[in-house]
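These notes concern the structure reproduced below.
The values are calculated or read from the model by the stated rules, or taken from the named source; none is laboratory data. Remember, predicted model here, so these are calculated numbers, not experimental data. Here Cβ is always computed from backbone atoms with ideal geometry, including for glycine, and neighbour counts include all displayed protein chains.
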Amino acid sequence: MPRTFSGPALRTARRSAGLTVPELAAAVGRSQWTIYRTEQGRVPVPVDLADALAEAVNVQLEALLYADPLAVVA
C-alpha cells in the first residue's frame, strides 16, 4: 500500500526530540512556516525534505510515514 508523509507524526517526533519549530526549521534549512504547514499536512513533502526532517528529529523515515489507501502510485 502506498505511504504518505505524516505531519502529526513529525510533530510528535519533534516534540520527543525536544526541538521547537524554529530549531527544526534551522536544522533543515527551511522556514518556520514550512515546518508548521508540514506538521499540519498542508503541503506535499519532497523526499529530500522528508529525509532531512527524519534525521533532524533522530528517527527512521519510516516512522514519519503512514499507509494511505488514497495515495496514487505513479
**OP:** Please list, ordered by first then second residue, the pairs with beta carbon atoms under 6 Å, 6 or more apart or interchain, first in segment 1-29 and in contact (Cβ under 8 Å) with a residue 12 or more places away in the chain and at negative phi, second assigned to a loop (DSSP other than H, G, I, E, B) and crowded, with 17+ Cβ neighbours inside 10 Å.
**Re:** Phe5/Val45; Ala13/Val57; Ala13/Val59; Arg14/Val57; Ala17/Val57
**OP:** Go over the candidates Val45, Val21, Val59 one by one and state the one that is β-branched (Val, Ile, Thr) and under 15 Å from Arg3 (Cα atoms).
**Re:** Val45
Original post:
Does segment 1-11 contain any residue that is among the β-branched types (Val, Ile, Thr) and at pLDDT 95 or above?
Top reply: no
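This table checks each residue for (1) under 10 Å from the mean Cα position of the chain (by Cα); (2) assigned to a loop (DSSP other than H, G, I, E, B); (3) surrounded by 14 or more Cβ atoms within 10 Å (Cβ to Cβ).
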{"site": "Pro8", "(1), (2), (3)": "yes, no, no"}
{"site": "Gly18", "(1), (2), (3)": "no, yes, no"}
{"site": "Leu24", "(1), (2), (3)": "no, no, yes"}
{"site": "Ile35", "(1), (2), (3)": "yes, no, yes"}
{"site": "Asp51", "(1), (2), (3)": "yes, no, yes"}
{"site": "Pro69", "(1), (2), (3)": "no, yes, no"}
Subject >> Selection within segment 1-17 - in contact with a strand residue (DSSP E or B) (Cβ under 7 Å, 6 or more places away or on another chain) and within 18 Å of Trp33 (Cβ to Cβ) >> reply: Phe5
Subject >> Tally of residues being touching a residue at least 24 places away in the same chain (Cβ under 8 Å) and part of a helix (DSSP H, G or I) across segment 55-67 >> reply: 3
